[in-house]
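So the structure is just underneath, and the comments pick up after that.
The values are calculated or read from the model by the stated rules, or taken from the named source; none is laboratory data. If you're wondering where the values come from, they're calculated on a predicted model, not measured in any experiment. Cβ: placed from backbone, ideal geometry, glycine included. Neighbour counts: every protein chain shown.
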Amino acid sequence: MRFLKFSIVFVFIGSQLFSQNANRIFNDLQEKDHHLEVYVNDGTYRFQFYNSKIIETSFIPKGETFNPKSHAVVLNPKPVNAQLQQSDASVEYHSEGISVFIQKQPFQISYSYKGKPIISEKAGYVKKDSLETIQFNLTKDEVLYGGGARALDMNRRGYRLQLYNRAHYGYETHSELMNFTLPIVLSSKQYMVHFDNAPIGFLDLDSKHNNTLAYETISGRKTYQVIAGDSWMDVMDNYTNLTGKQPMPPRWALGNFSSRFGYHSQQETEATIAKFKEDSIPVDAIILDLYWFGKDIMGTMGNLQVYKDSFPDFEGMVSRLKSKGVKTVLITEPFVLTTSKRWQEAVDEDILAKDSIGNPGTYDFYFGHTGLIDIYNPKGEQWFWNIYKGLANKGVAGFWGDLGEPEVHPSWLRHFTGTADEVHNIYGMDWARLAYEGYQRDFPNTRPFILMRAGYSGAQRYGLIPWSGDVNRTWGGLQSQPEIALQMGMQGLGYMHSDLGGFAGANLDDDLYVRWLQYGVFQPIYRPHAQEEVPSEPVFRSERAKALAKEAIELRYKLLPYNYNLAFQNNQTGAPLMRPLFFEEASNVSLYKDASEYFWGPDFLVAPVLKDSVTTKAIYFPKNNKWFDFYTDETFEGGQTKDIQIKENSIPTYVKAGAFVLMAKPMQNTENYTGSNLELHYYNDASITESERHFYNDDGLTPNAFEKGQYELLDFEYELERNGIEIELECETGKHYTASTKKIDLIIHHFQTEPKRIKINNKKVDFDWDEQNNTLTIPVIWNTNKELEIKVKTK
């Protein structure tokens, strides 16, 4: 068997010889400290298994030493009983899963997973002028994903993508450079490569069309990890094990936000929330843009203290909003203008990045003449956190980090740990770290809400909530959003979302607004936001738009138990909330480039309306399943494409047969949610004989509640029987969680026959049978200390 593995890999390598780096010569190797070092004429290769599905490769050129410090990796390598084999021609260093094969002459490195080739180095490491590069071979048929947030369509092969976080104001259907650039490549062959280096550079995804993948950087580590898996979900789990799992957000973060650029005063802020209450539109938070610290947008950035003329009773306002179940979130930026009230304080405290001679570095950008907080200087980090701490003590519930690319970041600027270009891409990530670790120290019982416009690989472990930047308020702007969110979820940042309704431009288009908000129901964060020329809040739109937006928002709240469980799945396994269709049909090449539909968690199929005046849309129903129209219960066989009529008050949404979907009763904000009064929908079909789903719940506030045993896990099982069906309800609780009694309306869809009788734990109960819609509703009172058995007899 071992010989067969050698043969398969050798054939793969042999086909790539024409593009080999002929100048690299194998000299020797040594196995030590659970890693392998291979010595070549111009340096050393270092191979380290993290586990059987992840291997790290570093090249250390002659004259350099290995730098073990990673901006991204948090996983400790585990012993994998790696086997080393060497012959005159080759070396194989393999685990039960991933393996590296080294051909000695011409020198080449390739990787396989369980005997199947995945990728190989081409020229490997090469120094070119001002850039250091690592080159790989690609096969002709690979579709490539990654590189962060870009508007490029799903297949990003053919682009040379700059790795330099930069805002793109008013983008629509095409943007090659945006706020989140990530040094990650994923292949349709179900593997990924993470280039573990922070300084700026490029990711070349075969731009010369010669089957070459290249990473290019100005400096730093020549280190990458190859990550494989047995499924796409396994790959996601492995990558987020390597770089860190996203903490659970506070439950209120899954509710509706009131947000715009911006609320000018305390009166305007409270009046806006009063309008939501008047119209009975659910809302959980309001976000204050930069007017909270200044009357004008010019010249005040860096004040970072409440502007009393506009907010005379700020703490009272925050308290009053909180009493209505509404959290207050504040914008902050890392720039301190020379005209700011805090400029001299920032200079005296020595918290700013510097110029080449050690003075505070200043330069012009849109908002004025500025310096930049050096978060890499311990004094700068502490100074910035003290501001956040003070605001949190005033009742502020979350923070928004804007302009964190940083938006203007001259190469000549010097930080405590290096040059601007060396830390530029990780600045937003480390800004999130600053806030996250500050909460851990000073507010250990609070889950932070950290909304950030920029970040880098691994940023998810600091609870960073990303959004897609200043998208244009047009249909073109909407069209790019599913792709951006799907791509970022595949790269570990599962909460990527958009300014619902679009941000840039005074475009008052109610149809666009409504369709964007309907899409928002099935994306991670529900946050309408825009420039103030056109209101982003539904309460200030036309009566028709307001009514349709309200319907969408109310549905968002009904889905809270389902959505919260998606957050838990992401926290535990790295599973994206939004998932491409090829995650379940990995061999269906027609889906590799498709972002027109996606899965919302495991059981919803969503097809957003992305164009104006659409009356029908072609929907592909994934195979091996039957699908229910979420709104009408009409059923569709999987494996087919059908033209569907589009409705005004919803976007095409379908539920997988055999799914349990847990829903909440209507509420005005998440503080009204207890998890004790629910609807449990089961989507019944004769093709499903057994089914099971789990739903996680906790108090929505406590950090690491699952690890602390402060949770409940609801388990629902379905089984088809000869004379009916059986549904079992079981609850597992953590050791520090008190079981409760739940009132549940069990609603079984597509139930074709009126039951003869229904028993719960052998006691006959009443039920409601809707013959016209073929739905069966069973009221259930469930003491979760005990398992509940529901038998529905049809014979």
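A few points about this structure:
Per-residue answers, yes or no, for (1) of a type in the set (Ser, Thr, Tyr); (2) in a loop (DSSP other than H, G, I, E, B); (3) outside the structural domain of Gly469 (by TED's automatic domain parsing); (4) surrounded by fewer than 24 Cβ atoms within 10 Å (Cβ to Cβ):
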position: Asn507; (1), (2), (3), (4): no, yes, no, yes
position: Asp511; (1), (2), (3), (4): no, no, no, yes
position: Trp516; (1), (2), (3), (4): no, no, no, no
position: Phe522; (1), (2), (3), (4): no, yes, no, no
position: Pro535; (1), (2), (3), (4): no, yes, no, yes
position: Val539; (1), (2), (3), (4): no, no, no, yes
position: Arg544; (1), (2), (3), (4): no, no, no, yes
position: Ala547; (1), (2), (3), (4): no, no, no, yes
position: Leu555; (1), (2), (3), (4): no, no, no, yes
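- Top-ranked residue in segment 32-63 [being charged (D, E, K, R) and modelled with pLDDT of 95 or more; ranked as surrounded by the most Cβ atoms within 10 Å (Cβ to Cβ)]: Lys53
- Selection within segment 98-107 - closer than 19 Å to Ile25 by Cα and touching a strand residue (DSSP E or B) at 6+ places or on another chain (Cβ under 7 Å): Val100, Phe101, Ile102, Gln103, Lys104, Gln105, Phe107
- Residue count for segment 140-192, restricted to those that are more than 24 Å from Asn211 (Cβ to Cβ) and acidic (Asp, Glu): 1
- Listed by position, the strands (runs of 3 or more DSSP E) contained in segment 60-106 that have at least 2 residues being in the same structural domain as Lys127 (by TED's automatic domain parsing) and within 30 Å of Arg433 (Cα to Cα) form an empty set.
- Against the conditions (1) crowded, with 23+ Cβ neighbours inside 10 Å; (2) within 30 Å of Trp252 (Cβ to Cβ), Val396 satisfies every one except (1).
- Ile227 being crowded, with 20+ Cβ neighbours inside 10 Å, touching a Lys or Arg at 6+ places or on another chain (Cβ under 9 Å), of a type in the set (A, V, I, L, M) and farther than 26 Å from Ala586 by Cβ: no
- Check on Thr139, under 27 Å from Leu403 (Cβ atoms), among the β-branched types (Val, Ile, Thr), outside any strand (DSSP E or B) and not assigned by TED's automatic domain parsing to the domain that holds Ala504: no
Quick grid of which residues meet (1) surrounded by 14 or more Cβ atoms within 10 Å (Cβ to Cβ); (2) over 23 Å from the mean Cα position of the chain (by Cα); (3) in the same structural domain as Val326 (by TED's automatic domain parsing):
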| position | (1), (2), (3) |
| --- | --- |
| Val661 | yes, no, no |
| Lys665 | yes, yes, no |
| Ile688 | yes, yes, no |
| Ser691 | yes, yes, no |
| Tyr696 | yes, no, no |
| Leu701 | yes, no, no |
| Glu707 | no, no, no |
| Glu721 | no, yes, no |
| Ile725 | yes, yes, no |
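- Gly146 at positive phi and surrounded by 21 or more Cβ atoms within 10 Å (Cβ to Cβ): yes
- The residues of segment 64-79 that are farther than 30 Å from Lys128 by Cβ and either touching a helix residue (DSSP H, G or I) at 6+ places or on another chain (Cβ under 9 Å) or at pLDDT below 95 (or both), listed by number, are Val74, Leu75, Lys78, Pro79.
- Which listed residue, of Leu182, Leu161, is assigned to a strand (DSSP E or B), more than 20 Å from Ser70 (Cβ to Cβ) and either without any contact (Cβ under 8 Å) to a residue 24 or more places away in the chain or among the hydrophobic types (A, V, I, L, M, F, W, C) (or both): Leu161
- All told, Gly469 falls short of being in a helix (DSSP H, G or I) and within 28 Å of Tyr526 (Cα to Cα).
- Selection within segment 653-683: residues that are in contact with a Leu (Cβ under 8 Å, 6 or more places away or on another chain) and of a type in the set (S, T, N, Q). The member of this set that is nearest to Leu560 (Cα to Cα) is Thr670.
- Selection from segment 152-205 of residues that are among the polar types (S, T, N, Q) and crowded, with 24+ Cβ neighbours inside 10 Å: Asn165, Asn179, Thr181, Asn197
- For segment 80-97, a residue qualifies if it is under 17 Å from Gln30 (Cα atoms), surrounded by fewer than 18 Cβ atoms within 10 Å (Cβ to Cβ) and either touching a strand residue (DSSP E or B) at 6+ places or on another chain (Cβ under 9 Å) or touching a residue at least 12 places away in the same chain (Cβ under 8 Å) (or both), and the qualifying residues are Asn81, Gln83, Leu84, Gln85, Gln86, Asp88, Ala89.
- No other residue among Lys140, Lys114 is out of contact with any strand residue (DSSP E or B) (no Cβ under 9 Å at 6 or more places or on another chain) and modelled with pLDDT of 95 or more apart from Lys140.
- All positions within segment 480-505 that are part of a loop (DSSP other than H, G, I, E, B) and of a type outside the set (S, T, N, Q): Gly492, Leu493, Gly494, Tyr495, Met496, Asp499, Gly501, Gly502, Phe503, Gly505
- Qualifying positions in segment 598-646 - more than 29 Å from the chain's Cα centre (by Cα) and among the charged types (D, E, K, R): Asp633, Glu634, Glu637, Lys642, Asp643
- Condition broken by Thr446, with the remaining ones in (1) free of Cβ contacts under 8 Å to residues at least 60 places away in the same chain; (2) over 30 Å from Asp364 (Cβ atoms) satisfied: (1)
- Condition check for Asp612: over 24 Å from Thr635 (Cβ atoms) and either not in a helix (DSSP H, G or I) or not β-branched (Val, Ile, Thr) (or both): yes
- The set of residues in segment 557-585 that are within 13 Å of Met490 (Cβ to Cβ) and outside any helix (DSSP H, G or I) comprises Gly574, Ala575, Pro576, Leu577, Met578, Arg579, Pro580.
- Given (1) part of a loop (DSSP other than H, G, I, E, B); (2) touching a helix residue (DSSP H, G or I) at 6+ places or on another chain (Cβ under 8 Å); (3) not hydrophobic (A, V, I, L, M, F, W, C), index of the condition Asp685 fails: (2)
- Given (1) touching a residue at least 12 places away in the same chain (Cβ under 8 Å); (2) within 19 Å of Phe522 (Cβ to Cβ); (3) surrounded by fewer than 18 Cβ atoms within 10 Å (Cβ to Cβ), index of the condition Thr632 fails: (1)
Residue-by-condition table, conditions (1) assigned to a strand (DSSP E or B); (2) out of contact with any Gly (no Cβ under 9 Å at 6 or more places or on another chain); (3) touching a residue at least 24 places away in the same chain (Cβ under 8 Å):
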position	(1), (2), (3)
Glu216	yes, no, yes
Val235	no, no, yes
Tyr263	no, yes, yes
Gln267	no, yes, no
Glu270	no, yes, yes
Ser280	no, yes, yes
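- Residue that is of a type outside the set (Lys, Arg), surrounded by fewer than 19 Cβ atoms within 10 Å (Cβ to Cβ) and in contact (Cβ under 8 Å) with a residue 40 or more places away in the chain, where the choices are Val589, Val606: Val589
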